[in-house]
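Following this message is one structure expressed as structure tokens.
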Amino acid sequence: MKENRIGIAIAGGIIGIAAVILVLMGNPLNMGFCIACFWRDLAGGIGLHRAEVVQYIRPEVIGLLLGSFIISSIKGEFKSKGGSSTMTRFFMGVFMMIGALVFLGCPLRAILRLSNGDLNALIGLIGFTFGIFIGTLFIRRGFSLGKKVEQDIISGISMPVLMFFFLVLLLVAPSFIFFSVEGPGSMHAPIFLSLAIGLIIGAIAQRVRFCTSGGIRDLFLIKNMTLFIGVIAVFLMSLIGNLIFNFENFNLGFSDQPIAHTEHIWNFIGLMLVGLSSSLLGGCPLRQTILAGTGDFDSASVVLGMIVGAAICHNFNLAASPKGVPLNGKVAVLIAIAITIIIGLVGIRKKKTDFSR
């Protein structure tokens, strides 16, 4: 247990430092790592939505998934499996993205935003924790999306192959690929640096099972803070990095934060949806991305759901902006929460589970 905690702390610290480096090298402020934002940008880059300020094939998420694939293959942990409510997981991936884009970031970005003084992120993280708590109530009562079974190798390698294809598109830059010329999508670190950091973080996260929602879930279910130590380490190392290397942009407060809004109720509700869906799916957006690289086709379906969800958000005016959350987004996130709760109720398959043993 002590070795696991040391490993997860080191991993979290590396993620925090890497996020600071990516911002210093060109990524948007408070967005050194944002899994939801990066999949959203990728969706725009391949033309699934036409929001011109968020279109770029982000090499970080390509690296995350390929890094997980490479290390799991080397360690003999790559296993092609799936078939556990795959379509349900896809739609929950869509819902997860809706919640993230109403908040304007995934849980990892919320931690990074907070480390740079954005107190709107604190509201979001409280909502994220509340959503996970609700999810654990279903889990204690026996919620399950079903058992995963072995799949053909094609299913397992489909996402790594797709990521390699996206990488080729990014490097070749054919005319049918979109690149933002202004806004967050136009701000990025050098391609190969971003890819290298993604590969490293992907390998590390796979080895230590890093997960933002898992750390909070384990606190509620089994009173174990091993994974949560990694979350704390991300915050502390990114905070230290921001104060040392990016202090001129450190802004403690709610207003004038980069790529954020101050509608506190919807910051809370947006990440509440992400927390609820993450707990029922068994992992946050980062964890789902990492699992997709290990041959887990169910997690791959969640990732594909997030990509499609990003397209839906921008094509139907659901995504928030620094100006606030549009009415469509407010309605969508409430509907998504209601459907996710229904999924939780329907998925209770056995008697109450005792996690105290």
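Divide, for segment 1-123, the radius of gyration over alpha carbons by 2.2 N^0.38 Å, where N is the residue count. Walk me through the numbers on the way to the answer.
Working: Rg = 16.3 Å, N = 123, 2.2 N^0.38 = 13.7 Å.
That works out to 1.19 for segment 1-123.
Compute the Rg to Rh ratio over segment 276-357 from the alpha carbon atoms, using the Kirkwood formula for Rh, and round to two decimal places. Please list the in-between numbers first.
Values: Rg = 15.6 Å, Rh = 14.8 Å.
The Rg/Rh ratio comes out at 1.05.
Divide by every residue of the chain the summed helix terms, -39500 (n - 2.57) for each DSSP H run of at least 4, and state the resulting mean residue ellipticity at 222 nm, rounded to the nearest 500 deg cm²/dmol. Provide the component values of the computation, followed by the final result.
Details: 14 runs with 232 residues, N = 357.
Counting only the DSSP helices, I get -21500 deg cm²/dmol.
Normalised radius of gyration for segment 206-311, please: alpha carbon Rg relative to 2.2 N^0.38 Å, two decimal places. Please list the in-between numbers first.
On the way: Rg = 16.1 Å, N = 106, 2.2 N^0.38 = 12.9 Å.
Compared with the compact-globule rule of thumb, segment 206-311 sits at 1.24.
Per q in 0.11, 0.12, 0.14 Å⁻¹, report the Debye log10 I(q)/I(0) for the chain, using one uniform scatterer on each alpha carbon and no solvent.
-0.66, -0.80, -1.13
Could you list, in their original order, any pairs among LYS81/LYS148; LYS79/LYS148; LYS81/LYS147 whose Cα atoms are separated by more than 18 Å? Mind showing how you got there, number by number?
Details: LYS81/LYS148 6 Å; LYS79/LYS148 11 Å; LYS81/LYS147 10 Å.
Among LYS81/LYS148; LYS79/LYS148; LYS81/LYS147, the Cα-Cα distance tops 18 Å for no pair.
Let me ask something else. For segment 132-173, what is the largest minus smallest coordinate of the Cα atoms on each principal axis, given in angstrom and ordered from greatest to least?
Principal extents (largest minus smallest coordinate, Cα): 50, 27, 7 Å.
With every protein chain present, what is the per residue accessible area of the chain (1.4 Å probe, Å²)?
Using a 1.4 Å probe on heavy atoms only, each residue of the chain averages 40 Å².
Just to be sure I understand the rule: take each whole DSSP H helix in the chain, project its Cα atoms onto its long axis, keep it if the span is 24 Å or more and its mean Kyte-Doolittle hydropathy is at least 0.0. Which ones pass?
On the way: long enough: 2-24 (33 Å, 1.64); 86-103 (26 Å, 1.70); 120-140 (30 Å, 1.71); 153-172 (28 Å, 2.68); 191-208 (26 Å, 2.04); 226-245 (29 Å, 2.39); 264-281 (25 Å, 1.45); 297-315 (27 Å, 1.34); 327-346 (29 Å, 2.38).
In the chain, the long hydrophobic H runs are 2-24, 86-103, 120-140, 153-172, 191-208, 226-245, 264-281, 297-315, 327-346.
Is the C-alpha gyration tensor of segment 145-239 telling us rounded, prolate or oblate? Criteria: a/c under 1.5 is rounded; beyond that, a/b larger than b/c is prolate, otherwise oblate. Please list the in-between numbers first.
On the way: a/c = 2.61, a/b = 1.37, b/c = 1.90.
Judged from the Cα gyration tensor, segment 145-239 comes out oblate (a/c at least 1.5, b/c at or above a/b).
For segment 26-84, how big is the tail of P(r) above 12 Å, as a whole percent of Cα pairs? It would help to have the intermediate numbers written out before the result.
Details: 1226 of 1711 pairs.
Tail fraction, whole percent: 72.
Which net charge results for the neighbourhood of ASN246, defined as the other residues with beta-carbon distances under 15 angstrom from its beta-carbon, given Lys and Arg at +1 and Asp and Glu at -1? Display every interim value, and only then the final one.
Working: positive: ARG113; negative: ASP118, GLU248.
Local net charge: -1.
Give me, ordered by chain and number, the residues 5 or more places off PHE143 or on other chains with an amide H under 5 Å from its own placed amide H.
ARG349
Now for a different question. Under the rule a/c < 1.5 gives rounded, and otherwise a/b versus b/c splits prolate from oblate, where does segment 64-204 land using the Cα gyration tensor? Don't jump to the answer; show the numbers that get you there.
Details: a/c = 1.81, a/b = 1.05, b/c = 1.71.
Cα axes put segment 64-204 in the oblate bin.
Output the peptides 231-237, 114-120, 332-338 sorted from most to least packed, where packing is the average of other Cβ atoms within 10 Å over each peptide's residues. Don't jump to the answer; show the numbers that get you there.
Working: 231-237: 20.6, 114-120: 23.0, 332-338: 19.0.
Sorting 231-237, 114-120, 332-338 by mean packing, highest first, produces 114-120, 231-237, 332-338.
Dimensions of segment 169-217 along principal axes (Cα, Å, largest first)?
If we take the Cα atoms of segment 169-217, the spans are 43, 21, 19 Å.
Which shape class applies to segment 189-257: rounded if a/c is under 1.5, otherwise prolate when a/b exceeds b/c and oblate if not, where a ≥ b ≥ c are the square roots of the Cα gyration tensor eigenvalues?
Note, shape of segment 189-257 comes out oblate.
Taking amide hydrogens as modeled 1.01 Å from N in the peptide plane, which residues meet the under 5 Å criterion relative to LYS81, leaving out close sequence neighbours?
GLN151, ASP296, PHE297
The values are calculated or read from the model by the stated rules, or taken from the named source; none is laboratory data. Keep in mind that this is a model prediction, so the values were computed, not measured. Heads up, the Cβs are rebuilt from the backbone with ideal geometry, glycines too, and the neighbour counts pull from every protein chain shown. Just the protein is used for accessible areas: all its heavy atoms, side chains included, with ligands, DNA and RNA removed. Shrake-Rupley method; radii C 1.70, N 1.55, O 1.52, S 1.80 Å.
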